[in-house]
Amino acid sequence: MTKTYLMNGFVEKMQSQDQDFRYMGLSDLMKEIKVDPQSFLGDENAEMKVLRQVLQLVEDKISEVKNQAVKCLGQLVKIIRESQMDFVVDKLIEFSASKDEELREISGLALKTITSELPAEGLVSSKACAKLTPKLLAQLSNTEVSPETLMETLDILKILITHFPSYVSSLILDPPPIKVLTPLLSHPRIAVRKRAILTLSEFVPITAPERTSELLLTEVIPNLTPAASADKQRTTVQLVAALARSAPQQVAGGIKEIVPSILQAVQRDDDELREGSLQSLEALVLKCPAEITPFLPPAIQAATQYVKYDPNYTGGDDDDEEMADDEDEDDAELDEYSDEEDTSYKIRRSATKLLGAIIATRPELLTPLYKEVSPVLISRFGDREETVRLEIWATYNTLLVQTAVYGGGPQQKDLVGGKRKRTEDGMDVEETAYTLLQAQVPTLAKALLNQIKSPKTAPATLQAGFSLLQTLLKVLPGSLSPQTALITSISKSVLSQSPSTSTSTLHISCLQFLALFFSTHAPATFSSSLPALTPILFSSMGERHPRVASDSFRTMSALLKALKPLKSQEMADRIYAEALKRLSNHDTDAEVRDCAEDIIADLWICATDVMKTKDRKEWEYICRSSGRTDGAVRVVSKVANEVDLGTDWTNGCVEWTMTILKKSGRAGKVEVFECLATLLARYEGGVPSDLPPALVPQLKPYITTTDISLLAQAMSILTVLLETAPTITFQEIERDILKDIYAVSRSQLLTGAALESVLAFFGALVEADSQIATHVVPSLAKSVEGVPRSETSFSNVSKCIAQVVKSYQAVAAGVISEYAKHIRNSSKASTEQVILSLLILGEVGRHIDMSPQQDLFVHVIEHFAAEQEEVRNAAAFAAGNIAIGNLHQFLPAIVKIVEGDDQKRLLALQAVKEVVTYTSHGQLENMAETLWAPLFKLSENAEESTRNVAAACIGKLITAQPARYLPQVHARITDPNPTTRATVLSSIRYTFADSGSSYDEILAPHILDFLSLMLDADLNVRRLALSALNAAARTKPHLIRDHLPTVLPNLYQETVLKPELIRTVQMGPWQHKVDDGLEARKTAYETLYTLLDTCLTKIDLNEFLAHVLVGLADPSDEIKVICHMMLFRLSQIAPTAVAQHLGEATPLLETSMKGPTVGKDTVKQDLERAAELQRSTLRAIAALSKIATTGASPRFDAFVAELSKSEWGKELHELSA
């Protein structure tokens, strides 16, 4: 069937007299285009024929046909030609100006559909924008156009500028859109003005700054003055709010003139103007944080004034708490007055939102907010309008959350906004957010509980109340003791009603609050209320709703822990019965079963005497080998750690865990091993003799480097067995798995906890049978033979051999003698044997004095001249560690090389580094003077690698004698030689690795001087200063917090890309750009990330965020990843502030998600790096999507929606869950 024939068939149907045929013709055309867009294209005459017919049906008398024609146009616009696009647009705009109201509406709908259906990118969209925008602007300029048409046109124009800002901004439009839209702000129709404001605000970001300045000078500032009419002021404050949301940078310049006028306007006797003024202040607080700062005090004053604005309520503030109780009586008295006529609640709600914006973005004002705002909010907890009441509670919840994040804790010194207040008796009391909150809790709790105590309280209000109470207890645990009776009454009222689909969430909120209440208050507080509460809780434990039942068990668990030790047998019996009932039922929900298992553990721990009288039937249900066992493993481990249930129970549980170990797969195995270790520790007289033969073979599959964490656990279990049943276990290990352990010991993958567990095992093995030491050492050495070098770690093997020697020193002489012969000049040992021998001698020498073997040390030093770098490094390691065994004998020889042998100096320094790293503090003090002078002398002219090692040694010496050496280092800050200044900073950075506080008092006065080198002229010195700041922020943040106002500007300066540091390098036929400032810039961003974790309360988040956004556009992928991590963290601790920048962040995140441009020079590593950057970006997007409110940033919303449909959709969904 030809395309023309097919299209003619559709046209024939669309021309039918029968409305159903016309409808079906349009439907068939749409289906065909969706299946095969090319079916429409071909004969241009046929295409135009179809288009004309579809447009004709837009004028159809039947609504269903018209709507279908509009949908059809939405599909056609994606594929039609440019000339046809002109035709369609012209026709629809002609329709939109029609006098026929119905035709105007349907044409407006068609234009909206077309603009909404256009693809985000592509030639069609750019052409559509080029065609539509001038036509729409021309229509808006026409004074004869009806208000309805104006509104439709403004809506369409807004869709265009919102969806396609880049295309619209590239158009040369005359007159400019702002010139066209500005007159509409004076339109007599309010709806037109509102739409004009929204559309105008979308055009401002793409408009030249001078035009925006002109708009502010001619339209905004004059129309905000008191002389302007109320109508003008209403429109203008709405415009300011819209401009602040869409183009804050453009508005920021006029804030000094705008805000005072708005603060005056809010006092004008016009409710709509007041509401708009408060909303515009809220937008300015959120979007222009730096510029609005001077006006915050009057803004807070206005907000606190109007949050109480209720001219139609005759009661005073003191009566607010009783509002809810009086509502029924008030309704009877207000027959002649309807609340629908009262719009004052909108003003109170806007004032509350303004306060919420200030609270959420101004942590530095916490203390004054508690003084000025908190009492006002508490007084309005009983607002008679529910929406306002809930908004006030949500705002107070934000205040509590900010207190938890920035208040520094009830007893901490690191806080925001703390001030000292002198009491009448002359004592200084520090006024902090916490102390002020504590003083206000009684009033707060009473006001809130009075609002939720009525049986008629709506579920949503109750839930909000419980949420606020829960937040209060998280911030101030134990603060609700005086309100226990009222809390009990309200909770009983809520829980006594059977949970339904709509109220189950309320039940859960109530139960979660009670759990927190029990866990944060002393039993004496609520013990008298338990007779009223426990029957209800028992009833909830039996509920069919799984979430309600599981949270009931959790609440009861919290109660058990609070009452520990539980004396009431009746209560324990009832809990036990409910838990056993759930455990014995095979149909029990998995979450409920987990909670029932947990409460059994809590019963054994909190009511041990009562549980010992039971028949222990519960363990038959818990210790099952089928189904999920992770919860059961946790329960057994928990009970075994706290309670002695006897050998029989322990034996049974050990046997059960061994059964679980046999299961395939890794899931839960770490917890099983931890449980097994806890159980084995319960055997007081040693493990049963039949256990090692059964258990050791089961551990054999885990003695492999396939899973390092499981290897560590298995080795720990073997160590416990060797310690508790050495004779039996030793035989099993020697026979079955010792060879496997030798193989594991040589692996390069063996690090951290796994290596420590292997070393502990060898120590226990030798102590179990000392005779095996003579076999283990050569076996370990032989394990590296015939194994590829890339898979072997000589260092691990040497550590294991040293552990054997340390545990059984009788073999020390033999080991030293055996491996010393490999390093002699006459030896014919292979390079691998020499390396291993040097490492072994070094590890052993750290613990054993080798001064009797003087020639051995000489042979080690001779290897400093070896050809192979690995041999030289091993020799340096050996020399340093042998010196530790006898510093007086060996250290001077190493120092002599440092001072006099240029060729061997670096190796000698590495040996010195081993000495200062592993020597005891007392020994370090004694030898410090010997090392200090030669080390600092090297800093002046030596190469960088030598300076770095010397600096590490100097740093260690400073920590040994800070009073002596820190002033000497400090004096060299101003040394004219940049290498000396670099060494100073490197050494200071190494001192921060010592987390002790012994020398903090000496370092504190000088730390700012060291960090001032961030302004040094030398790039390397600046980078090292940044690195020192990063180290200080990580390990000693208390030393730098008070200096951050001075340090942060310098740090921010280093985050800026400096073009003068970028140079072009010729590499053969290619030119390659090298950024010399990259390392310093990356260190600056790493430091920002560290400060976010350790010095949050001293950071201006708005300024901080600005630099994070700059980093998202950095050419370096590594810096982008760091910024993604900061966005992730900021979205958790400062969601409101971050949400204001979603519009700015979106294009930068879009760029990172695009991936690399694949060309002929693209290699696999490029693709892998790009994929990693995309995943990092995705994690940031997922975090931001959780805080983004719909409509706040249309571009971000569209970006997330687009990502959800892409190949990243599944991963994004998982990250957002």
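Look through segment 281-313, keep the residues that are within 24 Å of Arg389 (Cβ to Cβ) and polar (S, T, N, Q), and return whichever of them is modelled with the lowest pLDDT. Applying the filter and picking the extreme gives Asn312. Note on segment 931-973: residues that are of a type in the set (Gly, Ala, Ser), part of a helix (DSSP H, G or I), modelled with pLDDT under 85 and out of contact with any His (no Cβ under 9 Å at 6 or more places or on another chain) amount to 2. Within segment 586-596, the set of residues being touching a helix residue (DSSP H, G or I) at 6+ places or on another chain (Cβ under 7 Å) and either more than 16 Å from Ala558 (Cβ to Cβ) or in the same structural domain as Lys638 (by TED's automatic domain parsing) (or both) comprises Thr588, Asp589, Glu591, Val592, Arg593. Within segment 1164-1217, the set of residues being surrounded by fewer than 18 Cβ atoms within 10 Å (Cβ to Cβ), touching a Ser or Thr at 6+ places or on another chain (Cβ under 8 Å), without any contact (Cβ under 8 Å) to a residue 24 or more places away in the chain and within 26 Å of Leu160 (Cα to Cα) comprises Asp1197 only.
Sort through Ala558, Ala632 and tell me the only one that's among the aliphatic types (A, V, I, L, M), assigned by TED's automatic domain parsing to the domain that holds Ile660 and assigned to a helix (DSSP H, G or I). Just one listed residue meets the conditions, Ala632. Ile1002 fulfils the conditions (1) in contact with a Pro (Cβ under 6 Å, 6 or more places away or on another chain); (2) surrounded by 21 or more Cβ atoms within 10 Å (Cβ to Cβ) except for a single criterion, (2).
Being under 32 Å from the mean Cα position of the chain (by Cα) and free of Cβ contacts under 8 Å to residues at least 12 places away in the same chain is a description that does not apply to Pro1037. Looking across segment 1151-1191, the residues that are polar (S, T, N, Q), under 28 Å from Leu1105 (Cβ atoms) and part of a helix (DSSP H, G or I) come down to Thr1151, Ser1152, Gln1174, Ser1176, Thr1177, Ser1185.
Looking at segment 646-691, which of the residues that are outside any helix (DSSP H, G or I) and of a type in the set (Lys, Arg) is surrounded by the fewest Cβ atoms within 10 Å (Cβ to Cβ)?
Lys662
What about Leu841, is it in a helix (DSSP H, G or I), in contact with a Leu (Cβ under 8 Å, 6 or more places away or on another chain), farther than 26 Å from Ala760 by Cα and not hydroxyl-bearing (Ser, Thr, Tyr)? No: the conditions fail for Leu841. Inspect segment 1143-1151 for any residue being of a type in the set (D, E, K, R), touching a helix residue (DSSP H, G or I) at 6+ places or on another chain (Cβ under 8 Å) and either in contact (Cβ under 8 Å) with a residue 40 or more places away in the chain or crowded, with 22+ Cβ neighbours inside 10 Å (or both) and give the result as yes or no. Yes - at least one qualifying residue is present in segment 1143-1151. Cβ separations smaller than 7 Å between residues 6+ apart or across chains give the following pairs from segment 552-571 residues that are within 20 Å of Val643 (Cα to Cα) to residues that are aromatic (Phe, Trp, Tyr): Ala558/Phe518; Leu559/Phe518; Ala562/Phe518. In this entry, Pro976 passes the filter for residues that are without any contact (Cβ under 8 Å) to a residue 60 or more places away in the chain, outside any helix (DSSP H, G or I) and over 40 Å from the mean Cα position of the chain (by Cα).
Let's see how each residue does on (1) over 17 Å from Asn1030 (Cβ atoms); (2) crowded, with 21+ Cβ neighbours inside 10 Å; (3) of a type outside the set (Gly, Ala, Ser):
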{"residue": "Trp1070", "(1), (2), (3)": "yes, no, yes"}
{"residue": "Arg1081", "(1), (2), (3)": "no, yes, yes"}
{"residue": "Ala1084", "(1), (2), (3)": "no, yes, no"}
{"residue": "Asp1100", "(1), (2), (3)": "yes, no, yes"}
{"residue": "Val1108", "(1), (2), (3)": "no, yes, yes"}
{"residue": "Asp1117", "(1), (2), (3)": "yes, no, yes"}
{"residue": "His1124", "(1), (2), (3)": "yes, yes, yes"}
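Does Asp269 satisfy the condition of being crowded, with 21+ Cβ neighbours inside 10 Å, more than 18 Å from Gly1143 (Cβ to Cβ), at pLDDT below 95 and not assigned by TED's automatic domain parsing to the domain that holds Val1138? Considered against the rule, which asks whether it is crowded, with 21+ Cβ neighbours inside 10 Å, more than 18 Å from Gly1143 (Cβ to Cβ), at pLDDT below 95 and not assigned by TED's automatic domain parsing to the domain that holds Val1138, Asp269 comes out as no. Among residues of segment 806-828 that are of a type in the set (A, V, I, L, M), those with a beta-carbon under 8 Å from a residue that is in a loop (DSSP other than H, G, I, E, B) and surrounded by 15 or more Cβ atoms within 10 Å (Cβ to Cβ) at least six positions away or on a different chain give the pairs Ala812/Ile848; Ile816/Ile848; Ile816/Met850; Ile816/Gln853; Ala820/Gln853; Ile823/Ala829. The set of residues from segment 868-892 being part of a helix (DSSP H, G or I) and under 20 Å from Asn825 (Cα atoms) comprises Glu869, Glu870, Val871, Arg872, Asn873, Ala874, Ala875, Ala876, Phe877, Ala878, Ala879, Ile882. Counting only helices (runs of 4 or more DSSP H) that fall entirely inside segment 212-276 and contain at least 1 residues that are on the phi > 0 side of the Ramachandran plot, no element qualifies.
Pick from Leu181, Leu198: which is within 16 Å of Ser141 (Cβ to Cβ) and not polar (S, T, N, Q)? Give the steps one after another, and end with the answer.
Numbers: Leu198 fails: within 16 Å of Ser141 (Cβ to Cβ).
None of the other options fit; the residue is Leu181.
Scanning segment 133-151 for residues that are farther than 18 Å from Asp100 by Cα and within 48 Å of the chain's Cα centre (by Cα) gives Thr133, Pro134, Lys135, Leu136, Leu137, Leu140. Looking only at segment 825-836, decide whether some residue is among the acidic types (Asp, Glu), outside any loop (DSSP other than H, G, I, E, B) and over 24 Å from Leu887 (Cα atoms). Yes, that holds for at least one residue.
The values are calculated or read from the model by the stated rules, or taken from the named source; none is laboratory data. Since we're looking at a predicted model, the values are computed, not measured. Virtual Cβ from ideal backbone geometry, glycine too; neighbours counted across all protein chains shown.
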